[in-house]
Structure formats: C-alpha cells, structure tokens
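Student: Got a structure for you, questions after.
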Amino acid sequence: MLISPDEIKKSVSKKGWEYSNKKIAKSFDFSSYNDNIKFVNNIANLAESLNHHPIITINPSNVKIEIYSIQFNGITTKCINLAMKIDAIYNTN
C-alpha cells in the first residue's frame, strides 16, 4: 500500500531522507572507500533478507541510497522500514 507524500515527509525527512519522483533518497558519507563497501555489503544482506532492494550508487567518499517500490510505483511502509534499518546500520558503523 502506498504512503502519501505528507506521511513520507513526516516519517523520514527529519532523518535526512529526501522525497522526490516517487522515491526517497539519502547520501551517507564515509572516510574511506573500504568503509563505503562494508556499508553497502551490510545493506545488501539486509535487502536480501527483506526482499526489498534499493538503488545503490557508490562514490569514493559516499554512498547514495534510493528506495521505492517497483510493484506499487511509489513509497510503501516496506520502503520506510528499509530506510530506517539502513540508518541503523550507518549509525552502528
């Protein structure tokens, strides 16, 4: 089930996620490329366990994550839950 843009903004924008074009996105900064890769590997394991896979862009000093539901063409509660779990992974590194 899709979430309204207002609900999306209330739930994730205070945590640095931006809503645009039916996706939520956030960049995570790291001091090394190896830290980027460790973060991405943790996200990959999480995404597999949830069967919900974000778009991941790896740059030398940051990782950009974009999340949306292909099935529903927008943001669902599953997307929000994934975003919060990705934040938790970042905060434990």
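Student: Looking at Ala83, Ser69, Leu2, which one has the Cα that reaches farthest to the positive end of the dipole of the chain (charges on Cβ: Lys, Arg +1; Asp, Glu -1)?
Tutor: The residue sitting farthest along the positive end of the dipole is Leu2.
Student: As an exercise, take the mean of 1/r over every pair of distinct alpha carbons in the chain, invert it, and state the Kirkwood radius in angstroms.
Tutor: 13.3
Student: Let's see if you can work this out: charge +1 on each Lys and Arg Cβ, -1 on each Asp and Glu Cβ, no other charges. What is the dipole magnitude of the chain about its Cα centre, in debye to the nearest 20?
Tutor: Working: 11 positive and 8 negative charges, 35 e Å.
The dipole magnitude comes to about 160 debye.
Student: Can you pull the percent of the chain's accessible area that's carbon plus sulfur, 1.4 Å probe, other chains left in place?
Tutor: Details: 2810 of 5710 Å².
For the chain, the apolar C and S fraction of the accessible surface comes to 49 percent.
Student: Excluding ligands, DNA and RNA, what is the solvent-accessible area per residue of the chain at a probe of 1.4 Å, expressed in Å²?
Tutor: Value returned for the chain: 61 Å² of accessible area per residue.
Student: While we're looking at this one, here's another question. Using alpha-carbon positions, what is the distance between the centroids of segment 25-68 and segment 77-93, in Å?
Tutor: Result: 11 Å between the Cα centres.
The values are calculated or read from the model by the stated rules, or taken from the named source; none is laboratory data. Just so you know, these numbers come straight off a predicted model, no measurement behind them. With ideal geometry, Cβ positions are generated from the backbone for all residues, glycine too; neighbour counts draw on all protein chains shown. When the accessible area is computed, the model is the full protein with side chains, heavy atoms only, and any ligands, DNA or RNA have been set aside. Shrake-Rupley method; radii C 1.70, N 1.55, O 1.52, S 1.80 Å.
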